[in-house]
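For reference, the structure discussed in these notes is given below.
Rule-based calculations on the coordinates, nothing more; no lab input. Note that this is a predicted model, so its numbers are computed, not measured. Every residue, glycine among them, receives a Cβ derived from its backbone with ideal geometry; neighbour counts consider all protein chains shown.
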Amino acid sequence: EKGTYPHYMLKEIDEQPAVMRKIIQAYQNEQGELEIDEAILTALNEADRMYIIAAGTSYHAGLVGKDYFEKIAGIPVEVHISSEFGYNMPLLSEKPLFMFITQSGETADSRQVLVKIKELGHPTLTVTNVQGSTLSREADHTLLLHAGPEIAVASTKAYTAQIAVLALTAAVAAKKSGRSVDFDIVQELGIVANAIQAMVDSKEEMEQIARDFLSTTRNAFFIGRNLDFCVSMEGALKLKEISYIQAEGFAGGELKHGTIALIEDGTPIFALATQKAVSLNIRGNVKEVVARGANPCIIAMEGMEEEGDTLVLPKVHPLLTPLVSVIPLQLISYYAALHRECDVDKPRNLAKSVTVE
Ligand code: F6R
């Protein structure tokens, strides 16, 4: 129950540090070693390519997961929107493994793909928060998120749980196949939990950002590059679904290929700068929009901040930044919706699980 919280969404945002710790615990054995079902590790290591299938926020988590399986475990990955994939299947590799990411385990668009893939006889794995859900029962294997029930329609703790479980699984799969992993995922996720805590403890700052940037605007843009691009899309989705502000998340480099035409005096732009390799590029993109009158909210990782940045995120492993950078975006969306007197937990036209195609 939501206890003293005004909304489930705020409670679920606050639970995220605990969820990170719960996940570490749930995947550790008595000796404190990480453990993933052997059958899942075998399926991962036998696959020549993994196809991640998901919708909405879970699709956004899948985009982050692709980086983990490719960079940490050396497994090529494609990420697909379930409602697209089912009716227009790409050429498949010889030994594909299908991963369905779904908080509820009930999303019809994802289930129809699972049914088709089972007919083809390929191995399947569901990553879900709900044990015994349809997609969990029907897939060969299941990885649980351990996030606890998510009640608010807007997904928050399930998104970070999905990313954490994918990172952990990629690290264990890498070790299993003899690849060296140059960081300790348990330790890094512990650092992430503390960083998330610092963010959820800064609610007043987030509320002020929502006031400064979103109180009267009709639209907002989110930009980032590489992993920050994935989080930009999630930030835009959160904002539009609960505050009804029209929002778009896209790759920083795409600005000049069209969207920059929409920038007017005062247009809010949320720019993420957590990725060193592209930090100069994203700073350049911010300059481009500022020159056209945009109001930039720059969210940078510690060590990469510059004078005038709006928010500095505590430093975490560069692959794990989405777990931290998404928190202010969740909170800013929450407060923007609250200020507009929207029904935060039950936005119009939306249902928690979408059981029709
Ligand atoms: C957004 C949101 C939706 C879901 C999507 C998939 O906040 O909650 O976009 O992520 O409907 O749902 P699951 O993960 O249950 O398959």
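The slack in the chain from Glu94 to Thr259, taken as 0.36 nm per residue of separation less the alpha-carbon distance, amounts to 55.5 nm. Kirkwood's formula applied to the C-alpha pairs of the range 1-137 gives a hydrodynamic radius of 16.4 angstrom. Relative to the dominant Cα principal axis of the chain, helix 108-120 is inclined by about 30°. Averaged over residues, the count of other Cβ atoms within 10 Å places the peptides 33-44, 266-277 in the sequence 266-277, 33-44, highest first.
Hey, what number do you get for the chain at 222 nm if only DSSP H runs of n ≥ 4 count, each worth -39500 (n - 2.57), divided across all residues, to the nearest 500? Show your work: numbers first, answer last.
Values: 13 runs with 161 residues, N = 357.
Value at 222 nm, helices only, nearest 500: -14000 deg cm²/dmol.
Which of these, Leu91, Leu255, Leu114, has the largest mean-square fluctuation under a Gaussian network model of the chain (Cα springs below 10 Å)? Of Leu91, Leu255, Leu114, the Gaussian network model singles out Leu91 as fluctuating most.
If only the Cβ of Lys and Arg carry +1 and only the Cβ of Asp and Glu carry -1, the dipole of the chain around its Cα centre is close to 420 debye. Rounded to the nearest angstrom and listed largest first, the equivalent-ellipsoid semi-axes of the chain from its Cα gyration tensor are 32, 22, 21. Sorted ascending by nearby beta carbons within 10 Å, beginning with the fewest, Thr4, Thr169 become Thr4, Thr169.
When the chain is treated as a Gaussian network with alpha carbon springs shorter than 10 Å, the biggest mean-square fluctuation among Gln112, Gln31, Gln187 belongs to Gln31. Sorted into 5 angstrom bins from 0, the C-alpha pair distances of the range 137-214 split as 3, 12, 14, 18, 19, 13, 9, 6, 4, 1, 0 percent. Taking 0.36 nm per residue of sequence separation and removing the Cα-Cα distance, the Arg218/Tyr5 pair yields an extension gain of 73.9 nm. Among the listed pairs Lys11/Lys116; Lys240/Lys352; Lys95/Lys157; Lys66/Lys346, those whose Cα-Cα separation exceeds 26 Å are Lys11/Lys116; Lys95/Lys157; Lys66/Lys346.
With the convex hull drawn around the C-alpha atoms of the range 210-276, the volume per residue stands at 87 Å³. Counting every other Cβ atom within 10 Å of each residue's Cβ, Tyr335, Tyr51 order from fewest to most as Tyr335, Tyr51. If you wrap the Cα atoms of the range 17-66 in a convex hull and average its projected area over all directions, you get 4.8 nm². Pairs of alpha carbons in the range 257-305 separated by more than 14 Å make up 49% of all such pairs.
Placing dummy labels 7 Å off each Cα toward the beta-carbon, the span from Ile81 to Asn29 is 4.2 nm.
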